[in-house]
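Participant: Quick one: the structure is below, questions incoming.
The values are calculated or read from the model by the stated rules, or taken from the named source; none is laboratory data. The structure displayed is predicted, hence computed values, not measured ones. Cβ placement follows ideal geometry from the backbone for every residue including glycine, while neighbour counts extend to all protein chains displayed. For accessibility, only protein heavy atoms count, side chains too; no ligands or nucleic acids. Shrake-Rupley method; radii C 1.70, N 1.55, O 1.52, S 1.80 Å.
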Amino acid sequence: MEKYKIIALIGEAGSGKDFLMKMLLELHDYHEIISCTSRPMREGEINGRNYYFYSDEYFMQLVEENKMMEWTSFNNWYYGTPINALSKNKVNIGVFNPAGIRSMLARDDIDLRVFYVSTSPKTRLLRQLNREEYPNVAEIIRRYGTDVEDFKNIDFPCVVVGNENFQEAVFATHDIKWVEDNSN
């Protein structure tokens, strides 16, 4: 069986997952996985670029039709990845949460490499505050609290990647390339 090759980036809010993915997409011929959600768009987000923004009804229709590779419900919103968001011809790369990783690990049609992007709480907070002109501080605090719960029990294999600065992210890029080259 031909498997989808997936590089999955996980990490707490503000850890630099999206930045690292953008770097990797510039350096390698990877296919970017664009997930979908039923949550409202945040400032600066673009439908079809950051996420596909669906209604609750349409999202659940995809789930019922077995068209989702992984999905979860969080804070009364749905998040997930449709199977048709993947490429069989390229290495896929995307940002996921721990529940999504566990779902993918249960599938036999996926060859998965997980990288946990880690950054200090101070750096994460500053990134969150600086990414929007008028940040929703209550939402940032809520995400921090949720991350404590979501990331306290990582029970699957992953490579921890430090991302305090640009140099560390470049080093992480090298590590991910090495894994890809040896995963055939």
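Participant: What does the extension gain come out to for residue 43 and residue 126, with contour length at 0.36 nm per residue minus their alpha carbon separation?
Facilitator: Working: separation 83, 0.36 × 83 = 29.88 nm, distance 1.68 nm.
Full extension of this stretch gives 28.2 nm more.
Participant: Let me know the shape class of the chain, please: from the alpha-carbon gyration tensor, a ≥ b ≥ c as square roots of the eigenvalues, rounded when a/c is under 1.5, otherwise prolate if a/b is greater than b/c, or oblate.
Facilitator: Working: a/c = 1.55, a/b = 1.05, b/c = 1.47.
Oblate.
Participant: With each label point set 7 Å from Cα along the Cα-Cβ vector, what nm distance links residue 65 and residue 136?
Facilitator: 2.9 nm
Participant: Tell me, what is the per residue accessible area of the chain in Å², probe radius 1.4 Å? All intermediate terms of the calculation are to be shown ahead of the outcome.
Facilitator: Numbers: 10200 Å² over 184 residues.
For the chain, the solvent-accessible area averages 55 Å² per residue.
Participant: Here is a follow-up. Taking only Cα atoms and a 10 Å spring cutoff, compute GNM fluctuations for the chain and point out the largest among 84, 153, 163.
Facilitator: 153
Participant: If you don't mind, another one. Report, by chain and number, residues whose modeled amide H sits under 5 Å from the one on residue 159, excluding near sequence neighbours (fewer than 5 apart, same chain).
Facilitator: 114, 115, 116
Participant: Gain in length, residue 72 to residue 18, computed as 0.36 nm per residue apart minus the alpha-carbon separation, to one decimal in nm?
Facilitator: Numbers: separation 54, 0.36 × 54 = 19.44 nm, distance 1.95 nm.
Value of the extension gain: 17.5 nm.
Participant: Tally up the carbon and sulfur contribution to the accessible surface of the stretch 1-143 as a whole percent, 1.4 Å probe, everything protein left in place.
Facilitator: 50 percent
Participant: With N set to the number of residues, divide the alpha-carbon radius of gyration of the stretch 104-151 by 2.2 N^0.38 Å and report two decimals.
Facilitator: Working: Rg = 14.9 Å, N = 48, 2.2 N^0.38 = 9.6 Å.
Relative to the 2.2 N^0.38 Å estimate, the stretch 104-151 comes out at 1.56.
Participant: Past 19 Å, Cα to Cα, is the threshold; run 22/90; 5/88; 3/152; 67/88; 17/122 against it and keep the listed order. Mind showing how you got there, number by number?
Facilitator: On the way: 22/90 16 Å; 5/88 8 Å; 3/152 30 Å; 67/88 16 Å; 17/122 16 Å.
Distance filter (> 19 Å) returns 3/152.
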